[in-house]
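Rule-based calculations on the coordinates, nothing more; no lab input. Quick caveat: nothing in here was measured; it's all calculated off a predicted structure. Glycine gets a Cβ as well: all are built from the backbone with ideal geometry, and neighbour counts include every protein chain shown.
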Amino acid sequence: MIFHDVEQNTEEWEALKLGKASSSNYSKFMAHLGKDFGEPAHRYALQIALERVTGRKAEHSFKNDDMERGHEQEPIARMLYEDLHFVDVKNGGFFDWGDWGDSPDGLVGNDGVVEFKSVIASVHEANIKRGKPDPAYKWQIVGHFDGTGRAWVDFASYCADYPDWNQLVVFRIHRNEVEQELAQLAERRTKFIELVRDKENELQKREAA
């Protein structure tokens, strides 16, 4: 593993991620665990294979409202988190494992990772009432443990529409809570990388034909 201390969403960061499976997308191939890969996994495998063959980012990449809100509001959530926990959040960078990688929002001390999610009010309320992270981000969280090797991950849900005292809600997950999921991820990801290589080989054979 190589750690690159780069800022998210920069050209250098994008170049490091090119052609690699990313923890933010693990849910695409972790779905239907124990069964054949579904269409989202095949589309993602093709995207990675195309990036490897062409050397450029897939054209279908886009920014939606959730992503834009996250980029704009993450600095506020980060500041609130630092004030709440009396810590400094360091740059998450990119943890490069060759065929895959992990890019957490921030690193805390020597043991922690923090993932910020800027969400709409209904999602924030659901997180609060659930008392644990949004299940949609389960495999990204597991991917942070896997990619960084750290002991805990804080999932920080932020909503600017809430009163100051409830804008940021943090749920901490420890490594011993996800040991089974870590094993499942490692096994499933190995098979997914094989799928990527099959699609990459198919593309290269067409060029040679």
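Taking Cα pairs under 8 Å and at least six residues apart, what relative contact order does the chain come out at, in percent? It rounds to 25 percent for the chain. Arranged from fewest to most other beta-carbon atoms within 10 Å of their beta carbon, LEU182, LEU84 become LEU84, LEU182. For the range 117-171 and the range 31-60, compute the distance between their C-alpha centroids and round to whole Å. Measuring centre to centre over Cα atoms gives 26 Å.
Among the listed pairs LYS20/LYS132; LYS28/LYS57; LYS35/LYS191, those with a Cα-Cα distance over 20 Å are LYS20/LYS132. From helices alone, the chain scores -15500 deg cm²/dmol at 222 nm; the rule is -39500 (n - 2.57) for each run of n ≥ 4 DSSP H residues, then divide by the residue total. As a rough footprinting exposure proxy, the listed residues LEU203, LEU107 were ranked by other beta carbons within 10 Å of their own, and the order from fewest upward is LEU203, LEU107. Placing unit charges on each Cβ (+1 for Lys and Arg, -1 for Asp and Glu) gives the chain a dipole about its Cα centre, and among ILE48, THR148, ILE128 the Cα reaching farthest toward its positive end belongs to ILE48. With R₀ set to 25 Å, the beta-carbon distance separating ILE2 from GLN204 gives a calculated FRET efficiency near 0.45.
Of all the stretches in the chain, which is the longest one without any exposed loop site, taking chymotrypsin sites (Phe, Trp or Tyr not before Pro) in a DSSP loop (any state but H, G, I, E, B) with at most 13 other Cβ atoms within 10 Å?
87-209
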